[in-house]
Amino acid sequence: MRTKELAYFSKHGKPIWSEARVLEAGYKWPQFSIHRGTLHQILLDAVTERLGTENILTSHHLSDWTEASGGIRAHFIDKATGKSAGQL
């Protein structure tokens, strides 16, 4: 959806502040907005298609990375156990 305006409202729905965006504000290029959940799903679908479900780790965080020939090697830790989840 093309963004025309940025606006903030109080918890009661009363306007606090707003301003025109991009084309409406005189810029040359449009701005588009997307719901965060929709964007996350699009990204997850693209990564799953390219890497496969076996390489999708949830509840993990990146602990380290090293440069390798042809790319990088990422090291992850399982947040629930604190154990190394190996390398990808």
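The values are calculated or read from the model by the stated rules, or taken from the named source; none is laboratory data. Here the structure is a predicted model, which is why all the values come from computation and not from measurement. Backbone-built Cβ (ideal geometry, glycine too); neighbour counts: all protein chains shown. SASA here: full protein model, heavy atoms, side chains in, ligands and nucleic acids out. Shrake-Rupley method; radii C 1.70, N 1.55, O 1.52, S 1.80 Å.
In the chain, what percent of the accessible surface is made up of carbon and sulfur (1.4 Å probe, ligands and nucleic acids excluded)?
Of all accessible area on the chain, carbon and sulfur atoms account for 56 percent.
I'd like the projected area of the chain, averaged over all directions, using the convex hull of its alpha carbons. Report it in nm² with one decimal.
If you wrap the Cα atoms of the chain in a convex hull and average its projections, you get 10.3 nm².
What aspartates and glutamates sit close enough to Lys79 to cross-link, taking a C-alpha to C-alpha distance under 16 Å and skipping anything fewer than 8 places away on the same chain?
Lys79 reaches Asp64.
Could you pull out every residue, at least 5 positions away or on a different chain, whose amide H is within less than 5 Å of the one on Leu57? Hs are placed 1.01 Å off N in the peptide plane, and Pro or chain starts have none.
none
Would you mind working out the accessible area per residue for the chain, using a 1.4 Å probe, and quoting it in Å²?
That works out to 87 Å² for each residue.
Give me, ordered by chain and number, the residues 5 or more places off Gln31 or on other chains with an amide H under 5 Å from its own placed amide H.
Those lying under 5 Å, H to H, from Gln31 are Thr3, Leu23.
Considering the options Ile56, Ser33, Leu44, tell which one lies farthest towards the positive end of the dipole of the range 23-73, charges being +1 on Lys and Arg and -1 on Asp and Glu at the Cβ, about the Cα centre.
Going by the charge dipole, the pick is Ser33.
Using modelled amide H (1.01 Å from N, peptide plane; none on Pro or chain starts), what sits under 5 Å from the amide H of Ala85, excluding residues fewer than 5 places away?
The answer is Phe76, Ile77, Asp78.
Rounded to whole Hz and in sequence order, give me ³J(HN,Hα) for the range 7-17 from the Karplus expression 6.51 cos²θ - 1.76 cosθ + 1.60, θ = phi - 60°, writing x for Gly and Pro.
9, 10, 10, 6, 5, 9, x, 7, x, 9, 6
Find the relative contact order for the chain and round it to a whole percent, using C-alpha pairs within less than 8 Å whose residues are 6+ positions apart.
About 16 percent, as a whole number.
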